[in-house]
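What follows is a short report on a single structure.
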Amino acid sequence: MAEENKQGRRLRRGPVTDETVAKALEAVLAELAAHRGVDPDDPAGRAHLLASIDESLRPMTQAAVNDARAAGLTWSQVGDLFGISASATWGRFREVPLEAVPWPPPLD
């Protein structure tokens, strides 16, 4: 069964990757590239930018899972949001104390 967000909209099982997400990520890449003086069209530069975004998303994702669990969602319900099993969700996100997750990440 799909969960509902605070606006009462049903959340789909698993992540949704579509044109809206792609455009938002391209905008983030462009802004980060401009800030760092990196060419986003250069393969190494793009890989570096994406690695930076990935590292920044990890603590945000962990915090969101911690919040969802604190709000009463089961491992199965959280797993549905990621499109993975309850046991895979537990293995990935189990009880990592928020203090252990550096957020905000240190600035370069």
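Given a Förster distance of 30 Å, report the FRET efficiency between R36 and T61 from their Cβ-Cβ distance, rounded to the nearest 0.05. It comes out at approximately 0.85. Peptide packing: for 68-81, 14-27, the average count of neighbouring Cβ atoms within 10 Å per residue gives the ranking 68-81, 14-27, highest mean first.
If R0 equals 25 Å, the separation of the Cβ atoms of A70 and T20 corresponds to a calculated FRET efficiency of about 0.30. Could you point to the residue in A71, S56, A22 farthest towards the positive end of region 19-100's charge dipole, with +1 and -1 charges on the Cβ of Lys/Arg and Asp/Glu respectively? With unit charges placed on the Cβ atoms, the residue in question is A71.
Readers should treat all values here as calculations from the given coordinates under stated rules, not as data from a laboratory. Computed from a predicted structure; not experimentally measured. When we count neighbours, we look across all protein chains shown, and the Cβ atoms used for this are built from the backbone with ideal geometry, even at glycine.
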